[in-house]
Amino acid sequence: MLKLLLAEDVRIVRGALVALLEIEHDLTVVAEVESGDRIVPVALEKRPDVAIIDIDLPVMDGLTAAQELHQKVPTCRSLILTGLGRPGTLRRALAASVSGFLLKDTPADRLATAVREVAAGGRVIDPQLALTAWDVGENPLTQREIQVLRLAAKGAEPPEIAASLHVSPGTVRNYLSKIVVKLNARNRVDAIRIATEAGWC
């Protein structure tokens, strides 16, 4: 019997996933959590074989939690189940050492099969998303540029971003100008749109 941990903050979605997984004769959900920060402590206690993790979790996002899980509970494999089907998100998931990446509209039988494959040491990736990621290419932004763009996407102005990152407002404006050029965007708003759609910020 494969033991599963399910990390999903929307209660109705979590309940539906538990019901679908428990139908399978060889799968059992031993733990459910609503936030990313609970994944590792619960995994250390319950020792699941596979953690099914949503990306967009409160307190700690699913990818950060998956990376921490890989380090602290290496016997537990992680499978990302998300509605965020963006190429950059897939690349970040692979960098976080996840074993699987599926979209939430995946058929129930495919999810169960993916859980078994991941538990057996395989890697499962949504095929359409893998092709899209191949076409989109690498993220051209540096880590600092991503930080700046994420803060700008939340509505922060250059002085606020500068205070948050401990740099000058002029430096922030330079970063924003470089970002616009690198992404071949019309302006800052367009750069945020391009980066968000690609899953880069």
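Here are the numbers for the structure shown:
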read-out	value
Residue in segment 46-59 that is more than 13 Å from Val115 (Cα to Cα), among the aliphatic types (A, V, I, L, M), surrounded by fewer than 18 Cβ atoms within 10 Å (Cβ to Cβ) and in contact with a Ser or Thr (Cβ under 8 Å, 6 or more places away or on another chain) present	yes
Positions within segment 54-112 being touching a strand residue (DSSP E or B) at 6+ places or on another chain (Cβ under 9 Å) and β-branched (Val, Ile, Thr), in sequence order	Ile55, Val73, Ile80, Thr82, Thr89, Val98, Thr106
Neighbours by Cβ (under 9 Å, 6+ apart or cross-chain): first from segment 153-177, touching a residue at least 24 places away in the same chain (Cβ under 8 Å); second basic (Lys, Arg) and exposed (fewer than 15 other Cβ atoms within 10 Å of the Cβ)	Tyr175/Arg144
Qualifying residue in segment 111-119 (condition: at negative phi, surrounded by fewer than 13 Cβ atoms within 10 Å (Cβ to Cβ) and of a type outside the set (Phe, Trp, Tyr))	no
Condition check for Thr106: among the hydroxyl-bearing types (Ser, Thr, Tyr), more than 24 Å from Ile12 (Cβ to Cβ) and surrounded by fewer than 24 Cβ atoms within 10 Å (Cβ to Cβ)	no
Top-ranked residue of segment 11-45 - restricted to ones that are buried (at least 18 other Cβ atoms within 10 Å of the Cβ) and of a type in the set (Lys, Arg), ranked as farthest from Ala108 (Cα to Cα)	Arg38
Answer residue from segment 162-188, given it is at pLDDT 90 or above and touching a Pro at 6+ places or on another chain (Cβ under 6 Å) and is surrounded by the most Cβ atoms within 10 Å (Cβ to Cβ) among those	Val172
Sole residue being touching a helix residue (DSSP H, G or I) at 6+ places or on another chain (Cβ under 6 Å) and closer than 16 Å to Leu21 by Cβ, chosen from Ile53, Ile39	Ile53
Qualifying positions in segment 38-60 - assigned to a helix (DSSP H, G or I), under 15 Å from Gln71 (Cβ atoms) and touching a residue at least 12 places away in the same chain (Cβ under 8 Å)	Ile39, Val40, Ala43, Leu44
Residue within segment 96-106 that is assigned to a helix (DSSP H, G or I) and either of a type in the set (A, V, I, L, M) or closer than 27 Å to Ala198 by Cβ (or both) present	no
Residue ranges of helices (runs of 4 or more DSSP H) in segment 152-201 with at least 2 members closer than 20 Å to Asn139 by Cα	169-182, 188-198
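The values are calculated or read from the model by the stated rules, or taken from the named source; none is laboratory data. Please read all numbers here as calculations on a predicted model, not as lab measurements. Neighbour counts are summed over all protein chains in view; Cβ atoms, including those assigned to glycine, are modelled from backbone coordinates with ideal geometry.
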